[in-house]
Amino acid sequence: MNKIDYEAIIKPFLSQKRYDHSLCVRDAAVRLAKKYEANAEKAEVAGILHDIMKDVPPDEQLKMMVRYDIILTDVERSAQKLWHAMLGAAYLEKELKITDAEILNAVRYHTTGRAHMTRLDKIIFIADFISADRDYDGVEALRRAAGVSLEQAMIEGMVYTIQDLTKGCRAIHPDTIAAYNEAVLKNKYS
């Protein structure tokens, strides 16, 4: 993979806080990749780029999704927080010419998860939860879980996500339910 200055690429898109978060996720992703024997270079790229579209205004995100032929389901349309992941993956492919499916999918599914997640998918999902800038209640427990087992961290991250969504009476993306069920069943029978 060519060394590209992704920090410079994301800077104009993001607030300083989101930019700093992206650097922290990159660092956490690289650490997790090394610990769990995944491709650290891919983790670095996906980690730094995962939120590239996060600060783009919603109306502009919708216009870009139309341009990239992204069709939202009812659940996705109701959950603006998910848009940046779908749009981010499309932007990486169409504009940055990233063709690596693992990187594109890790960015695409870093908010919802999905069934049959790759190791890189899980690493980016978890790195986003445990990056150094995070300070929500429960982050330390999730960091500890990530240090012990990628699978356990996935389950705890999914539980956190599902509980947060149900507390707010918000729809849960089917990919999140599929990821949770798969992780729990795999953990139960392994």
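The values are calculated or read from the model by the stated rules, or taken from the named source; none is laboratory data. For clarity, every value in this text was computed on a predicted model and none was experimentally measured. When we count neighbours, we look across all protein chains shown, and the Cβ atoms used for this are built from the backbone with ideal geometry, even at glycine. For accessibility, only protein heavy atoms count, side chains too; no ligands or nucleic acids. Shrake-Rupley method; radii C 1.70, N 1.55, O 1.52, S 1.80 Å.
A few comments on the model shown:
- Hits in segment 135-155 - residues which are open to solvent by 50 Å² or more (accessible area, probe 1.4 Å), in contact with a helix residue (DSSP H, G or I) (Cβ under 8 Å, 6 or more places away or on another chain) and modelled with pLDDT of 95 or more: Arg143
- Residue tally, condition buried (at least 18 other Cβ atoms within 10 Å of the Cβ) and closer than 19 Å to Asp59 by Cα, over segment 79-119: 11
- Residue in segment 127-134 that is among the aliphatic types (A, V, I, L, M), under 22 Å from Lys54 (Cβ atoms) and surrounded by fewer than 17 Cβ atoms within 10 Å (Cβ to Cβ) present: yes
- Filtered residue count, segment 140-190, keeping only those that are among the β-branched types (Val, Ile, Thr) and over 18 Å from the mean Cα position of the chain (by Cα): 3
- Single residue of segment 5-14 satisfying the filter (assigned to a helix (DSSP H, G or I) and free of Cβ contacts under 8 Å to residues at least 40 places away in the same chain) that is least open to solvent (accessible area, probe 1.4 Å): Ala8
- No other residue among Lys188, Lys167 is at pLDDT 95 or above and either under 30 Å from Glu7 (Cβ atoms) or open to solvent by 10 Å² or more (accessible area, probe 1.4 Å) (or both) apart from Lys167.
- Residue tally, condition touching a residue at least 60 places away in the same chain (Cβ under 8 Å) and either in a helix (DSSP H, G or I) or over 12 Å from the mean Cα position of the chain (by Cα) (or both), over segment 110-121: 4
- For the residues Leu142, Leu92, the requirement of being part of a helix (DSSP H, G or I) and closer than 12 Å to Ala46 by Cβ singles out Leu92.
- Pairs with Cβ under 6 Å, 6+ apart, first in segment 164-179 and over 13 Å from Thr111 (Cβ atoms), second in a helix (DSSP H, G or I) and open to solvent by less than 70 Å² (accessible area, probe 1.4 Å): Ala171/Val75
- Set Leu87, Leu49, Leu14: member being touching an Asp or Glu at 6+ places or on another chain (Cβ under 6 Å) and among the aliphatic types (A, V, I, L, M): Leu14
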